[in-house]
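Since the structure comes first, as C-alpha cells, the remarks are kept for the end.
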There are 2 protein chains.
Amino acid sequence: MPEPAPVSVSATLAADEAMARRRRAGEQVLPMTSGEIGLPVHPALRERLAAAVDENAYGPVPGGEALRAASAGYWERRGLGTDPALVVAGPGSKPLLFALLLAIGGDVVVPVPSWVSYAAQARLAGARPIAVPTLPGQGGVPDPERLREAVTAARAAGQHPRSVVVTVPDNPTGTIASPETVRHLAAAARRLDLVIVSDEIYRDLVYDPSASVESPARHAPERTVVTTGLTKNLALGGWRTGVARLPEGDLGRALYDRLVSIASQIWSSPTAPVQTAAAYAFGEPPEIIEHIAASRRLHETVARAVADRFTAAGATLAPVRATSYLYPSFEALRGHLARTHGILDGDGLARFLTERHGLGVLPASAFGESRQVLRIRAATSRLYGDTEERRWAALTAPDPLELPWIRAAVDRVGTVLASLADTASLSSSAQS
Amino acid sequence: MPEPAPVSVSATLAADEAMARRRRAGEQVLPMTSGEIGLPVHPALRERLAAAVDENAYGPVPGGEALRAASAGYWERRGLGTDPALVVAGPGSKPLLFALLLAIGGDVVVPVPSWVSYAAQARLAGARPIAVPTLPGQGGVPDPERLREAVTAARAAGQHPRSVVVTVPDNPTGTIASPETVRHLAAAARRLDLVIVSDEIYRDLVYDPSASVESPARHAPERTVVTTGLTKNLALGGWRTGVARLPEGDLGRALYDRLVSIASQIWSSPTAPVQTAAAYAFGEPPEIIEHIAASRRLHETVARAVADRFTAAGATLAPVRATSYLYPSFEALRGHLARTHGILDGDGLARFLTERHGLGVLPASAFGESRQVLRIRAATSRLYGDTEERRWAALTAPDPLELPWIRAAVDRVGTVLASLADTASLSSSAQS
C-alpha cells in the first residue's frame, strides 16, 4: 500500500512563481531561479505550430513518424546512430524521465549536485535515490569510483540500484564532464549492471563548438537511454516537448515497450500540433541552427559576465562552459558572511539574496547538497529583457552587454554581491 | 524497492494503432476501438491556438489564471461552485487522474466495467485496484452496497483503500448513474472515509439536455475531486488538456498542494498555447455551446443507429443515454457463437469482429471484466468520415444517417453482426 507520494513542489518552479508574484507586486526583482530561457519563439516554429492547429487526433503513443525520424536525425548528426523505432516523444523530457524510472524499476543513483527533479521523481516512482557526488569540474556525472562504492554498499544493505542518472552538460554547474569521466562512468555502470539515463538537454548550449561532449551512449550503448527536448536550445519550455532515445538490443527493446506502455497510461501521446513544429526543429534547418547559435553566444556572454561579478565578490566557481547556470561557492567568505549578515549556510545565503535583494537564486540544498554547503545556483537566462522586442535585440546584438537593460541587470548583480561581500572599494576600483 | 512498473499498453490506444496500421495497409476497417472523437477543431479554437504560438514560458504549475477561472465558471454553470484557486490544469485529464492517485495514496476502488486506465494507473502508482461491480444501467458507479463490503474486506485483509473512482456519465456503457445511486455512493464513501475521484469528461455528451446528471461533488463536497477535459466534448484529444477541481476544506487544500507538487515534478505545467485556447473553450461562448450541441446530436443519432444493429442481431444493451459508447452483451447468443464460430468469450468475440471483419472493438476484459463476459465495447465516434469535409458535413447534416459514408458504416456494422448471428433472413426482412 503506497503512502501518499513523498514530494515537494519543484524548487525551481516554486521559486519562479514567487519571483513572478513579487514582480507583479511592483518589486524590482532579478529572476535567476529557474532555467527557463527568456527568449522568443523562432518565427519558423511559430508558423509550423500555427499551421498545425487542425491536428486534434491523439496519434501514436510514442509520437508521430515525422517527429521520431527527425529526432533520430538529430542524434545521428551528433554521432549517435538512432533507430526512429526506438525513439519515444513525450510532453517534455521531464515526464519521459519519470516514466523511464518507472520502466526501469529499482533504486536510482543521482549525482550531487543535480537537477532538482531527479531525486523527487525517484521518490514518486517508489524508489530511493542514492546520492553520489561528482568530481570538481565534472558536473552531472557521479564520480565512478564512489559510484562503485555506493552501489556496492546499497546492495549490501538490501537496496536494489538499477539505474544511474547523468547530466551532460550539467545543471546546476554549467560544466561538462570530460570524455574520460564519462567513459569511466559507462564502464562502472556496465560492471554494476546499471541502466544509464543520460539527460542531454543542454547539449546544444556548449559555448565552444569544438568542445568534445561525450555521451555515455558511446561507451555503453547497450544500456544508455538519452533524453533531450526543445526547452533549452529553443526556449520552448511552455510547449512541453521532449524525446528519449532507447538503446538497441534486448534491454532497449524491453525498456521501449515498458516506456510506451507507461506513456499510454499516463499521458496518451505528445500534443499533436506541437509535434509538427518540434519535428521541424529537430530537422535542424539552417535558420534554426543559426537561432540556436545566437542563443548560445548570448548565454555565454551574459553567463560569463555574471560569473565575473561573482568572482569579483570573492566567490569561486568552475569555469562555466555550457548552459546559463552558475554555481558559485562562497566558502572563502564563510566567516565574513556569518559575522556581517548572519548567513550560516546555503539556504541562508539564497534567502538573503532573494528576499533582501530581489536576486532570485536557489540554494545548493535544492540540488541535493547539504544545506551547510555555501553555494547557490544563479541562472542568467531570464536577464535578456521582458519584452519580445528586447529579447530579439539581445539575440542579435553584437555585444549584448551594451544593451542598457542587460547592462543594468548585470550591474545590479555586481552591486548586490559587492554589498554582500563588502567589496565596494574593490568593485569601484575595478570600474575605474 | 519498486519492481519495474506492472503495466501494459492502453488497450484503446493499442487497438487504435493496430486499426490504423491495417487501414494504411489498404484494409477496409471500421475503427470502433477508442473513444477518440473524429470531429474537426472548431475554428474559434484553431484561431485562439494560432494566436497563442508566441507563448513559450512555463507559466504556473496548475495552469494560468485565465484557464483556471474559465474552468471554475464551467463548473459553476453546472451547479458546482468552484474556487479557481482549487483548480489544477494538466496535459489531459489522464495525467491529472494519475497524479491524483499518487497524491491520495492508498489502494483504489474502481468500478467494473470501467475505463481501461484507472486500474493500470493505480498499479503504476503502487496501489492495488479493488474492483467493485456496478449495478445494471448505473455504469461508472460502484454498487454502494458492494463497495462497503469490498472496502471492509480489503481493510480486514490489510489493504488500505483510500479512494474510489467513478465515471459520470459512463465509459464503457454509455449510461448515466441515477442521482439516487450517486447519492448512495457519496454516503458510502463518507462512511468509509474514501476520497471520490469523479471523472466527468463525458458530462457534455448527455443526449437529453433535461436529464439530471448528478456529480458526487454535490453530496460529498468535502471529499470529491472532479476531473474533465476537452477531449470528448470538443474532440481535442491530440491537444492534451484537462482540469481537476479540488474540494474546499482541509482535505481539498492538502490534496491540492500535493497534486501541484507532483505535477511540478512530472510535467511542470500544461502546454502554454493550448491553455489559451482551452480557456476560451471553458468560457463556453455561444458558438462553442452550439458546436458541442451539434456533436452531441450527431453522437446520439449514430450511436443509437448502431445500437439498433446490435439489438437486431440479438445482442442486448442498456439504453445508451450519453457518450458514443455501446457495451452490448451477446450472452443470449452464447451457444450459437460457440457452435458456429468457435467464439467462447469476450476476447474471442472481439478478436472475431476485429480480425475477421475489420470491425475494431474491445472485449469486456479490457474494462476489468472477466474474459468470460460475452460483451464488447464499440465506440461510434470515428464513423463520421475520414476528411475534414465529411466531418463537417456530418456535424451539420439534418440526418447524418443519410450521408452515404455514415450510412455505409452503419450498414457494414449491421451486415457483420448479421453474419455473426446468422440473422441474414431477419436482417433482409427488416429492410423489406
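The values are calculated or read from the model by the stated rules, or taken from the named source; none is laboratory data. Not measured: the values here are computed from a predicted model. Heads up, the Cβs are rebuilt from the backbone with ideal geometry, glycines too, and the neighbour counts pull from every protein chain shown. Please note that ligands, DNA and RNA were not included when accessible areas were found on the heavy atoms of the full protein model with its side chains. Shrake-Rupley method; radii C 1.70, N 1.55, O 1.52, S 1.80 Å.
The dipole here belongs to the stretch A:43-284: it is taken about the Cα centre, uses +1 on the Cβ of Lys and Arg and -1 on the Cβ of Asp and Glu, and is about 460 debye.
For the stretch A:43-284, relative contact order (Cα pairs under 8 Å, six or more residues apart, normalised by length) works out to 30 percent.
Label-to-label distances for A:P209 across copies, nearest first, come out at 6.2 nm, using points 7 Å from Cα in the beta-carbon direction.
Our helix-only sum for chain A, with -39,500 (n - 2.57) per DSSP H run of n ≥ 4 divided by its residues, gives a mean residue ellipticity at 222 nm of -13500 deg cm²/dmol. Could you tell me the center-to-center distance, by alpha carbons, between the stretch A:73-130 and the stretch B:169-210 in angstrom? Going from one Cα centre to the other spans 37 Å. Residues whose amide H comes within less than 5 Å of that of B:V109, counting only those at least five positions distant or on another chain, are B:I130, B:R162, B:S163, B:V164, B:V165 (H built at 1.01 Å from N in the peptide plane). Histogrammed with a bin width of 10 Å, the alpha carbon distances of the stretch A:1-119 distribute as 10, 24, 33, 26, 7, 0 percent, first bin at zero. Loop-located GluC sites (Glu not before Pro) across the stretch B:320-389 with a Cβ neighbour count of 12 or fewer within 10 Å are lacking, with loop assigned by DSSP.
For chain A, the relative contact order is 22 percent, taking Cα pairs closer than 8 Å that sit 6 or more residues apart in sequence and dividing their mean separation by the residue count. Take the Cα of B:T396, step 7 Å toward its Cβ, do the same at A:R128, and the gap between the two points is 6.5 nm. The modelled label-to-label distance between A:R218 and B:A156, using points 7 Å beyond Cα along the C-beta direction, is 6.4 nm. Scalar couplings 3J(HN,Hα) for the stretch A:161-171, obtained by applying the Karplus form with A = 6.51, B = -1.76, C = 1.60 to θ = phi - 60°, are x, 10, 8, 9, 9, 10, 10, 9, x, 9, 10 Hz; x denotes Gly and Pro.
What FRET efficiency comes out for B:R339 versus B:E149 if R0 is 41 angstrom and r is the Cβ-Cβ distance? Round to the nearest 0.05. Working from the Cβ atoms, E equals 0.60. Would you jot down the residues in the stretch B:70-111 that end up with at least 10 Å² less accessible area in the complete protein assembly than in the chain alone, with a 1.4 Å probe? When all protein chains are present, B:P91, B:K94, B:P95, B:F98, B:L102, B:G105, B:G106, B:D107 each give up 10 Å² or more of accessible surface. Computed from backbone phi with θ = phi - 60° and the Karplus coefficients 6.51, -1.76 and 1.60, the 3J(HN,Hα) list for the stretch B:308-316 is 4, 5, 5, 5, 4, 7, x, 7, 10 Hz; x is used for glycine and proline. Stretching A:L403 away from A:R191 to a fully extended chain increases their span by 71.1 nm, per 0.36 nm per residue minus the current alpha-carbon distance.
If one computes P(r) from the Cα atoms of the stretch B:43-284, what percent of pairs lie at distances over 25 Å? Of all Cα-Cα distances in the stretch B:43-284, 37 percent exceed 25 Å. At the residue level, B:Y58 shows approximately 30 square angstrom of accessible surface with a 1.4 angstrom probe and all protein chains present.
If a/c stays under 1.5 just call it rounded; otherwise compare a/b with b/c (prolate if a/b is bigger, oblate if not). Do that for the stretch B:90-231, with a ≥ b ≥ c from the square roots of the Cα gyration tensor eigenvalues. Since a/c reaches 1.5 but b/c is at least a/b, the shape of the stretch B:90-231 is classed as oblate. Backbone phi angles across the stretch A:247-252, fed through the Karplus curve with coefficients 6.51, -1.76 and 1.60 (θ = phi - 60°), yield HN-Hα couplings of x, 6, x, 4, 4, x Hz in residue order; Gly and Pro are listed as x. Here the accessible area of chain B is 52 percent carbon and sulfur, with a 1.4 angstrom probe and all protein chains present. Going from the chain on its own to the full set of protein chains, the stretch B:7-22 has these residues losing 40 Å² or more of accessible surface (heavy atoms, 1.4 Å probe, no ligands, DNA or RNA): B:V7, B:V9, B:L13, B:E17. Rounded to the nearest 20 debye, the dipole magnitude of the protein assembly as shown is 1080 debye, with +1 charges on Lys and Arg beta carbons, -1 on Asp and Glu beta carbons, and the Cα centre as origin. For A:K232, a cut-off of 17 angstrom between C-alpha atoms picks up these lysines, skipping any fewer than 8 places away in its own chain: A:K94. Rolling a 1.4 Å probe across the protein heavy atoms gives chain B an accessible surface of 34 Å² per residue. Between A and B, buried accessible area from a 1.4 angstrom probe totals roughly 5700 Å², ignoring ligands, DNA and RNA.
A convex hull fitted around the alpha carbon atoms of the stretch B:247-289 yields 83 Å³ per residue.
In this rough spin-label picture, where each label sits 7 Å from Cα along the Cβ direction, the B:E290-B:T316 distance is 4.4 nm.
Here's how it looks for B:L30: its modeled amide H is under 5 Å from those of B:L359, B:G360, which are all 5 or more places away or on a different chain. Note on B:R77/B:E47: beta-carbon distance plugged into 1/(1 + (r/R0)^6) with R0 of 25 Å gives a FRET efficiency of 0.60. For chain B, the longest principal axis of the C-alpha atoms and the axis of helix B:65-76 are separated by about 60°.
Separation of the stretch A:283-346 from the stretch B:218-261 is 40 Å, based on Cα centroids. A viscosity of 1.567 mPa s and a temperature of 4 °C, combined with the Kirkwood radius over Cα pairs in Stokes-Einstein, give a translational diffusion coefficient for chain A of 59 µm²/s.
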